[in-house]
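The values are calculated or read from the model by the stated rules, or taken from the named source; none is laboratory data. Keep in mind that this is a model prediction, so the values were computed, not measured. When we count neighbours, we look across all protein chains shown, and the Cβ atoms used for this are built from the backbone with ideal geometry, even at glycine. All accessible areas refer to the heavy atoms of the entire protein, side chains included, with ligands and DNA or RNA removed. Shrake-Rupley method; radii C 1.70, N 1.55, O 1.52, S 1.80 Å.
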Amino acid sequence: GSREEEEKDVSLPLGCKQHRLQLLRSWLLFFTTTVHGYFMSRVVHSTELELRGRLGAALDLDMIREVHQEYLDRIHDRCFLHPSASMLREAVAMVLSLGLELQQAALSSLPIHTHTILAWEEKYSRCHNFLASTLQTMTARRKLPHLEGLTVALLHSCPSNV
């Protein structure tokens, strides 16, 4: 496992390190693009379309307020902001912070150690696989059409255990 490799402090050749960093960057870009697409198209855009339809049918100010509150609640839930989705939100946040760590390391003039690359790969793999399997379980249990695309994209792009 990677913990054993860290303890031995195995050092990869420079070309191998560069390749693995490029692969990790590709994983992070794919993940970020996929999650962004989910939030923007499946959550914000489609939920806004639902809002427009329901606002058109509202007859008075109270109905408008009720429809708007339901819209905000739906956005809140679908963006993993509900307390019950805190583990999903934390996994997404971990991947995004991993991307920032990689960016900062790449912009610094310091060498990136093999154990750091291995730790980043393992962290990314764990978060991605956790999200994919959790979303798969959620969509299998109940009808959540807004999550199906994200679930399939993550399931079919799981990195192999590093």
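If I build a Gaussian network model for the chain, linking alpha-carbon pairs within less than 10 angstrom, which residue out of Gly56, Gly37, Gly99 has the largest mean-square fluctuation?
It is Gly56.
Most mobile of Ser109, Ser86, Ser11 per a Gaussian network model of the chain (Cα springs, under 10 Å)?
Answer for the Gaussian network model of the chain: Ser109.
Counting only helical runs of four or more DSSP H residues, what would the 222 nm mean residue ellipticity of the chain come to if each run contributes -39,500 (n - 2.57) and the total is spread over all its residues?
-25500 deg cm²/dmol
In the stretch 45-162, what percent of the accessible surface is made up of carbon and sulfur (1.4 Å probe, ligands and nucleic acids excluded)?
Within the stretch 45-162, the accessible surface is 59 percent carbon and sulfur.
What does the net charge come to around Val92 if you take all other residues with beta carbon closer than 14 Å to its beta carbon, with K and R at +1 and D and E at -1?
So the surrounding residues net to +3.
Please report the orientation-averaged projected area of the stretch 38-96, defined via the convex hull of its C-alpha atoms, in nm².
The Cα convex hull of the stretch 38-96, projected and averaged over all directions, gives 4.3 nm².
Using the Cα centre of the chain as the reference point, and only Cβ charges (+1 on K/R, -1 on D/E), how large is the resulting charge dipole? Debye, rounded to the nearest 20.
Here the size comes out at about 320 debye.
In the chain, once you exclude exposed trypsin sites (Lys or Arg not before Pro) (DSSP loop, at most 15 other Cβ within 10 angstrom), what's the longest stretch remaining?
1-141
If I fit a long axis through the Cα atoms of helix 14-37 and take the longest principal axis of the Cα atoms of the chain, what angle between them do I get, 0 to 90°, rounded to 10?
0
Can you give me the accessible area per residue for the chain, using a 1.4 Å probe, in Å²?
Value for the chain: 63 Å² per residue.
In percent, what relative contact order does the chain have, based on Cα pairs under 8 Å that are 6 or more apart in sequence?
The normalised contact order for the chain reaches 32 percent.
Please report the base-10 log of the normalised intensity I(q)/I(0) for the stretch 4-162, using a Debye sum with one equal scatterer per alpha carbon and no solvent, at each q in 0.10, 0.19 (1/Å).
-0.48, -1.16
Hey, what angle do you get for helix 86-107 against the long axis of the chain, alpha-carbon based, 0 to 90 degrees rounded to 10?
The two axes meet at around 50 degrees.
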